[in-house]
Amino acid sequence: MKIFIDTANIEEINTANEWGVVDGVTTNPTLVAKEGKDLRALINEILGIVDGPISVEVISTDSEGMIKEALEMSNWSENIVVKIPMIPEGLKAVKILNENDVKTNVTLVFSVNQALLAAKAGATYVSPFIGRLDDIGHDGMQIIHDLMQIYNLYDFKTEIIVASIRHPLHVIESAKAGAHVATIPFGVIEKMFKHPLTDIGLEKFLKDWEKSKK
Ligand code: G3P
């Protein structure tokens with residue numbers, strides 16, 4: 001399973017990239033707005049750190065506007081993936097962008113049917129938001145299981161990005177489901193490192209080593 005980092009914060013991207021665990025980056029308008037930087041300049045910085053797919057979202061809600069934004073963004077680098085919202089105008093744009101070799105990530109996906117339509121339209125990636133579904137009492141991960149089955153049955157090339165991940169268990173479940181990608185916030189990647197026995201064990205090794213030198 002590929003790991004993308006779900007942030008637009010340069011420090012977080014740099015740190016996780018140095019750990020050697022980052023295959024790509026996903027951003028959204030909320031994450032970009034938090035950084036208070038010019039979009040193009042920010043994405044250029046990210047492109048300079050991570051050599052992998054970098055998702056950037058359009059702001060337009062009509063297909064013409066989305067296509068215009070997407071064509072411009074895709075010129076920034078071949079690593080750019082354009083995030084398109086899961087609405088009819090969005091899929092209209094995805095179809096045309098796919099025909100023009102522009103990679104897309106259909107976002108704000110909350111159901112299996114939405115993801116099925118996105119794949120039919122030619123999306124490169126589809127992003128079901130599992131955490132936001134869990135938040136309202138639905139089983140977000142069930143969508144990932146269902147989609148893996150359906151995409152495999154019909155040999156869809158669309159890759160599933162498990163998005164809106166809230167905790168390390170979501171990551172384990174994504175990997176067990178065979179998801180192509182999990183896009184993970186920095187704080188959750190940090191938690192994935194943690195085990196008290198690792199810390200206790202390391203402390204003991206170092207103490208014993210010091211003792212042996214006395
Ligand atoms: O980037 C899309 C998604 O991962 C957002 O997550 O935490 O805002 O539901 P969240």
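Under the simplified labelling scheme, the H195-K207 pair shows an inter-label distance of 2.0 nm, with each label point 7 Å from Cα along Cα→Cβ.
Comparing Cα centroids, the stretch 53-69 and the stretch 4-36 end up 20 angstrom apart. Solvent exposure of the chain amounts to 53 Å² per residue of accessible area, where only protein heavy atoms count and the probe is 1.4 Å. For the chain, carbon and sulfur atoms together expose 54% of the accessible surface, with a 1.4 angstrom probe and every protein chain in place. The distance separating the Cα centre of the stretch 182-214 from that of the stretch 84-152 comes to 38 Å.
Peptides 200-211, 138-149: what's the order by average Cβ count within 10 Å, highest mean first? Present the calculation step by step, with values, prior to reporting the outcome.
Details: 200-211: 9.7, 138-149: 17.9.
Put in order of decreasing packing, that is 138-149, 200-211.
Between N105, N17, N113, the Gaussian network model of the chain with springs among Cα atoms under 10 angstrom shows the greatest mean-square fluctuation at N113.
Quick one: among T183, T30, T124, which has the greatest mean-square fluctuation in a GNM of the chain with alpha-carbon springs under 10 angstrom? For the chain, modelled as a Gaussian network with Cα springs under 10 Å, the answer is T30. A 1.4 Å probe, protein heavy atoms only, puts the accessible area of E72 near 110 Å². Taken over the chain, the percentage of Cα pairs per 10 Å bin, counting from 0 up to the bin with the maximum distance, is 8, 32, 34, 15, 5, 4, 1, 0.
Springs join every pair of Cα atoms under 10 Å in this Gaussian network model of the chain, and among L31, L108, L153 the largest mean-square fluctuation is at L153. Count Lys and Arg as plus one, Asp and Glu as minus one, and take only other residues whose Cβ is under 12 Å from that of N9; the net charge is then -3.
Accessible area of K103 (1.4 Å probe, protein heavy atoms only, ligands and nucleic acids ignored): about 80 Å².
The values are calculated or read from the model by the stated rules, or taken from the named source; none is laboratory data. As the structure is a computational prediction, the values presented were derived from the model and not from experiment. Neighbour counts run over all protein chains shown; Cβ positions are idealised from the backbone, glycine included. These accessible areas exclude ligands, DNA and RNA; they are computed on the full protein's heavy atoms, side chains included. Shrake-Rupley method; radii C 1.70, N 1.55, O 1.52, S 1.80 Å.
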